[in-house]
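Quick note: the coordinates plus some simple rules give every number you see, no bench work behind them. These figures come from a predicted structure and were not determined experimentally. Positions of Cβ are generated from backbone atoms using ideal geometry, with glycine treated the same way; all protein chains shown enter the neighbour counts.
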Amino acid sequence: MESSAYIGLAITIFFIGVFGMLVRKSAFLFLMSIELMLNSANLAWVTFAKVHGNLDGHVYAFFIMALAAAEACVGLAIIVLFYRKRRSVILDNAKEMSK
Amino acid sequence: MDRQSIEQLLWVIPFAPLIGALAIGLLCALSPKRGSFPSRTVVGFLACLGPLASFMVAGGVFLALGKSPETTPVHQTLFSWIQCGAFSINFAFEADRLTAVMLMFVTFVGTIIHFYSIGYMGHDKGYARFFSYLNLFLSAMLILVLGSNLVLMFLGWEGVGLCSYLLIAFWFDDEAKAIAGKKAFIVNRIGDFGFVLGIFLIYTTLLKNGPSSLEFSFLATHAYLLAPVATIASLLLFTGAMGKSAQIPLYVWLPDAMAGPTPVSALIHAATMVTAGVFMVARMHFLFDLSPLSGQLVAGVGIATALVAALIGFGQNDIKKVLAYSTVSQLGYMFVAVGAGAYSAGIFHVFTHAFFKACLFLGAGSVIHALHEEQDIRKMGGLLKKLPITGTTFLIAWLAICGIPPFAGFFSKDEILWSVFNTWGAYGKILWVLGLFGAGCTAFYMSRLVFITFFGKNRSSTAFEKIHESPPIMTIPLIILALGSVLVGFFGIPEALGGSNVFASWLTPVFGEHTSATHSNFIEYVVMALSVSVAFIGITIAYIKYVRKPFIASEPRGIAAFAEAAFHVDALYRIVLINPLFSFTRNILFRVVDVAIIDGAVNGIAKLSSVSGGLVRRLQTGTVRTYLYYFGAGAALLMLIVYIGKW
């Protein structure tokens with residue numbers, strides 16, 4: 001099976017995610033960028049599972065989906081709390097760690 | 001009492017005063033109001049109890065050793081003290097005939113001085129503290145004497161050093177006295193260092209030849225193994241003796257030690273602690289016997305000390321300082337004797353000296369007490385009329401130290417001079433002449449002291465009528481010691497005078513037969529007559545100078561001023577030793593090693609982490625995005641490394 005197209009797509013999606021994280025300021029878009037990267041990884045797993053003819057990659061894809069769901073859950077909760085405290089979801093305003 | 005029960009009771013001798021010291025100390029520490037309880041009577045009673053118990057047991061030891069036909073030492077092992085592999089030290093006491101003699105006079109004179117102190121220290125606010133220290137001192141001294149091995153002896157040795165410091169600096173709110181205490185301690189430490197090295201050397205040398213031990217009995221039987229190192233080892237031990245027994249060059253602490261209360265000077269700096277060095281040399285006689293060279297050095301140092309201290313004594317005007325220098329001088333004679341191998345003569349002089357010097361010191365204390373802490377003899381005079389008992393006892397002790405027959409000092413000093421005369425040929429004769437000269441000096445400066453203090457007109461600031469004799473608690477000890485100064489010499493009447501020298505034959509099992517040369521009695525008579533006439537010459541000169549002409553206190557000039565300043569030895573030590581040492585510590589050890597190197601390194605490390613931390617913290621912006629950049633850059637770098645590595 002010809003895999004380069006799938007892998008190319010996965011890489012593209014991954015870098016869209018990275019780019020999104022680096023340039024967008026909203027916490028929501030940040031979270032969505034992470035989801036994009038996770039999905040690109042899933043695509044790569046499944047592609048290689050198909051290429052090698054075993055199920056390991058599929059298993060990992062499921063794990064990652066579960067992880068993404070949990071992460072979205074926690075992430076959204078943090079964003080809600082963050083908003084309550086600051087009345088904004090702009091991440092660049094959170095600089096307490098440098099102090 | 002029989003031998004077995006004495007062996008069981010040996011521990012009482014050092015521990016009874018120790019218990020006394022602890023009891024007094026604890027009673028005072030626990031008393032609710034300072035100084036109120038326990039009362040002075042209770043403290044005084046407790047303080048005399050320990051020494052008295054020691055004296056009684058010591059008497060038992062003496063009798064047991066005298067009675068039993070065999071002369072093996074009385075021995076008691078209490079417990080194993082240090083156990084480390086093959087190295088083992090027992091906490092054990094052992095008394096042979098030498099120890100018994102030491103025990104007898106240490107506890108006897110010690111007890112008397114305790115009684116005297118009840119009167120002398122009666123009004124002092126540190127009354128209980130004083131007796132606690134005094135008891136502790138006696139305990140340490142008795143451990144020193146009784147210890148059955150070198151390490152236990154060293155424990156007592158250090159103990160007396162510590163107590164000496166505590167007692168000299170007893171009135172520590174006077175800075176000069178506190179410094180005198182420190183001086184005594186530090187000078188003693190220098191000697192102790194030599195002593196410790198000597199112990200190490202002896203132990204390691206024995207270790208090369210099989211099992212080693214520091215027990216005296218073992219050392220005595222294995223002394224031949226020490227022959228290769230005998231000179232070095234004995235001189236190292238002698239260094240310790242120099243510190244403790246105030247010999248040149250370490251004698252400087254003793255005159256300053258007069259800062260302590262007078263009973264302390266009598267007990268520590270006349271009768272007991274300073275004799276520890278002589279005792280130690282006598283105890284290790286088998287080692288000193290192996291090295292004629294170190295014997296000669298010991299005697300040489302002894303005679304030099306005897307002369308220098310006697311000459312300094314000429315110019316001293318403090319009543320206690322004169323006695324201090326005379327103590328140093330007499331200790332010199334003792335070392336001359338033990339150096340010459342006449343151990344029993346040396347110990348005999350220790351023994352007689354303990355009596356007359358304690359009597360002199362206590363008499364001086366009584367004078368000082370009567371004149372309200374006046375110590376300058378130029379401000380005394382004519383005291384014999386006002387202080388009849390003190391004066392008479394002082395005169396007896398004076399005759400004893402001058403070596404006038406039949407007082408105690410005559411027999412012991414004469415025995416020393418006689419044994420030096422008979423040893424080493426020409427060197428011995430030189431020592432003898434110097435010793436004779438020193439005896440004349442002793443007679444002169446002691447007579448000067450006596451004549452200025454007790455004869456002539458009163459020059460004190462206290463009204464003459466108001467001067468009172470001390471209470472009986474002080475005069476009775478004086479009388480006892482004065483009797484001793486007359487009588488104890490009769491233990492050592494030489495054979496030439498029809499005696500049998502009981503003292504020397506008592507010690508024969510310890511030191512072996514002292515091979516005296518076959519001089520005729522005639523020469524011994526001449527030697528004796530010479531030393532007596534030298535003493536009379538000294539007394540006569542002093543009589544002409546200080547009694548025939550009325551004494552006028554004047555500023556000393558020339559040699560007298562030089563002697564008054566104690567030959568500027570302290571200043572010399574300051575220039576030669578102390579100042580270079582101080583400047584070395586301050587400029588090199590402090591400024592370079594401590595401040596520049598050690599502090600520099602510690603502070604440098606702190607500075608380095610603070611500066612590097614300041615730089616690195618700039619990376620921590622707090623924005624999530626910055627961290628992402630680092631993260632991305634790190635990942636890219638890792639991939640690059642993997643890529644290059646694969647290539």
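Picking from A:5, A:79, A:41, whose Cα lies most toward the positive end of the charge dipole for chain A (charges on Cβ: Lys, Arg +1; Asp, Glu -1)?
A:79
Suppose R0 equals 35 Å. What FRET efficiency, 1/(1 + (r/R0)^6) with r the Cβ-Cβ distance, do residue B:502 and residue B:31 give to the nearest 0.05?
My answer for the efficiency is 0.10.
With charges only on Cβ, +1 for K and R and -1 for D and E, what is the dipole size of region A:58-99 about its Cα centre, in debye, rounded to 20?
Using Cβ point charges on Lys, Arg, Asp and Glu, region A:58-99 gives about 340 debye.
For region B:390-485, what D do you get in µm² per second when you plug the Kirkwood radius from alpha-carbon pairs into Stokes-Einstein at 25 °C and 0.890 mPa s?
Result for D is 158 µm²/s.
Determine ³J(HN,Hα), in whole Hz, for all residues of region B:11-28 in sequence, where each value follows from phi through the Karplus function 6.51 cos²θ - 1.76 cosθ + 1.60 and θ = phi - 60°; x replaces Gly and Pro.
Listing the rounded values in order: 4, 4, 4, x, 7, 4, x, 5, 4, x, 4, 5, 4, 5, x, 5, 4, 6 Hz.
Roughly how big is region A:16-99's charge dipole about its Cα centre, with Cβ charges of +1 (Lys, Arg) and -1 (Asp, Glu), in debye to the nearest 20? The partial results should precede the final answer.
Details: 9 positive and 5 negative charges, 112 e Å.
It comes to approximately 540 debye.
Please list B:341-352, A:69-80 highest first by mean number of surrounding beta-carbon atoms within 10 Å per residue. Let's see the in-between values first.
Values: B:341-352: 27.8, A:69-80: 12.6.
The most tightly packed comes first, giving B:341-352, A:69-80.
State to the nearest 20 debye the size of the charge dipole of the protein assembly as shown about its Cα centre, where the only charges are +1 on K and R beta carbons and -1 on D and E beta carbons.
2700
For each of B:410, B:464, B:522, count neighbouring Cβ atoms within 10 Å of the residue's Cβ, then give the residues from fewest to most. Numbers along the way, then the final one.
Values: B:410 23, B:464 14, B:522 9.
Placing the least packed residue first, the sequence is B:522, B:464, B:410.
Once fully extended, how much extra length lies between residue B:602 and residue B:568, figured as 0.36 nm per residue of separation less the alpha-carbon to alpha-carbon distance?
Result: 7.8 nm gained on full extension.
Using only helices, what value at 222 nm comes out for chain B when you add -39,500 (n - 2.57) per DSSP H run of length 4 or more and divide by the total residues, to the nearest 500 deg cm²/dmol?
Theoretical 222 nm ellipticity from helices: -22000 deg cm²/dmol.
Given the pairs B:125/B:183; B:379/B:466; B:457/B:549; A:50/B:646, which span a C-alpha to C-alpha distance of over 19 angstrom in this model?
B:125/B:183; A:50/B:646
Among B:627, B:643, which comes first, then next, by fewest other beta-carbon atoms within 10 Å?
B:643, B:627
If you fit an axis through the alpha-carbon atoms of helix B:388-402 and take the longest principal axis of the Cα set of chain B, what angle between them do you get, 0 to 90°, nearest 10?
On a 0 to 90 degree scale, this one is about 80.
When we measure straight from the Cα of residue B:386, which aspartates and glutamates land under 19 angstrom away, once same-chain ones fewer than 8 places off are left out?
Within the straight-line cut-off, residue B:386 pairs with B:373, B:374, B:376, B:465, B:469.
Let me test this: with uniform point scatterers at the alpha carbons of region B:255-344, what is the Debye-based log₁₀ I(q)/I(0) at q = 0.10, 0.14, 0.15, 0.21 1/Å?
Debye intensities relative to I(0), on a log10 scale: -0.28, -0.51, -0.58, -0.95.
Per residue, what volume in Å³ does the Cα convex hull of chain B take up?
255
Working out 0.36 nm times the residue gap between residue B:582 and residue B:560, then minus their Cα-Cα distance, what length gain in nm do you get to one decimal?
Taking residue B:582 through residue B:560 to full extension adds about 4.8 nm, to one decimal.
Using only alpha carbons, build the gyration tensor for chain A and give me the equivalent ellipsoid semi-axes, biggest first, whole Å.
So the three semi-axes of chain A are 33, 15, 9 Å.
Can you tell me the 0 to 90 degree angle between the C-alpha axis of helix B:127-146 and the longest principal axis of chain B, rounded to 10?
So the helix axis and the longest Cα principal axis differ by about 90 degrees.
For A:2, A:35, which order do you get if you count the other beta carbons within 10 Å of each Cβ and list the fewest first?
A:2, A:35
With viscosity set to 0.692 mPa s and temperature to 37 °C, compute the Stokes-Einstein D of region B:562-647, Rh being the Kirkwood radius across alpha carbon pairs; µm²/s, no decimals.
After rounding, the answer is 171 µm²/s.
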